[in-house]
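Right, one structure below, let's go through it.
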Amino acid sequence: MKPQSAKAKGRLLQKWFRDVLITVLGLNESDLESRPMGSQGEDIIIGNESRARFPYSTECKNQEAVNVWKAYDQAKMNSGPYEPLLIIKRNRSIPLAIVDAKHFVELVRKSNEQ
């Protein structure tokens, strides 16, 4: 696959996830931006208003063969004070979200308390 095509696939996943955040969580569209391909940092730039409701730093990988550990390390490197979140997808599959297992269990615990 040409690098340009690979970047286009990655950009589509970033924009898809950005749209999911807007639609499902009702986040402000102007507060979320898909980072240009090849730029350093998290893949979806989140403003302060949306960050209060979605405290994650997102890394998106749209590849047939993802080195999950390397991709998650990249997400951790770019996360700063926020929880790293890895979104992965390959052709003709549903996207998956990967977070730290302890963080996931904590989310379940909090949802059970409500």
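The values are calculated or read from the model by the stated rules, or taken from the named source; none is laboratory data. Just so it is clear, the structure is predicted and the values come from calculations on it, not from any experiment. Cβ: placed from backbone, ideal geometry, glycine included. Neighbour counts: every protein chain shown. For accessibility, only protein heavy atoms count, side chains too; no ligands or nucleic acids. Shrake-Rupley method; radii C 1.70, N 1.55, O 1.52, S 1.80 Å.
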State whether one or more residues within the range 36-47 are closer than 15 Å to ILE98 by Cα and of a type outside the set (Asp, Glu).
no
List the strands (runs of 3 or more DSSP E) that sit entirely inside the range 53-113 and contain at least 3 residues that are free of Cβ contacts under 8 Å to residues at least 40 places away in the same chain and not hydroxyl-bearing (Ser, Thr, Tyr).
83-89, 96-98
Residue check for ARG53: open to solvent by 30 Å² or more (accessible area, probe 1.4 Å), in contact with a helix residue (DSSP H, G or I) (Cβ under 9 Å, 6 or more places away or on another chain) and not small (Gly, Ala, Ser)
yes
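Just name the residue that is nearest to the chain's Cα centre (by Cα) out of those in the range 1-19 that are part of a helix (DSSP H, G or I) and of a type in the set (D, E, K, R).
Ranking the candidates gives ARG18 first.
Hey, among ASN78, ASN62, ASN67, ASN48, which residue is over 16 Å from VAL20 (Cβ atoms) and open to solvent by less than 70 Å² (accessible area, probe 1.4 Å)?
Matching residue, one of ASN78, ASN62, ASN67, ASN48: ASN78.
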Odd one out for GLU83 among (1) open to solvent by 60 Å² or more (accessible area, probe 1.4 Å); (2) of a type in the set (D, E, K, R); (3) touching a His at 6+ places or on another chain (Cβ under 9 Å):
(1)
Taking ILE22 and the conditions (1) at pLDDT 90 or above; (2) over 15 Å from the mean Cα position of the chain (by Cα); (3) not small (Gly, Ala, Ser), which numbered condition does it fall short on, given that it satisfies the others?
(2)
Enumeration of residues in the range 1-17 that are open to solvent by 40 Å² or more (accessible area, probe 1.4 Å) and at pLDDT 80 or above:
ARG11, LEU12, LYS15, TRP16
Can you spot a residue in the range 10-30 that is touching a Leu at 6+ places or on another chain (Cβ under 6 Å), more than 19 Å from ILE98 (Cα to Cα) and touching a residue at least 24 places away in the same chain (Cβ under 8 Å)?
yes
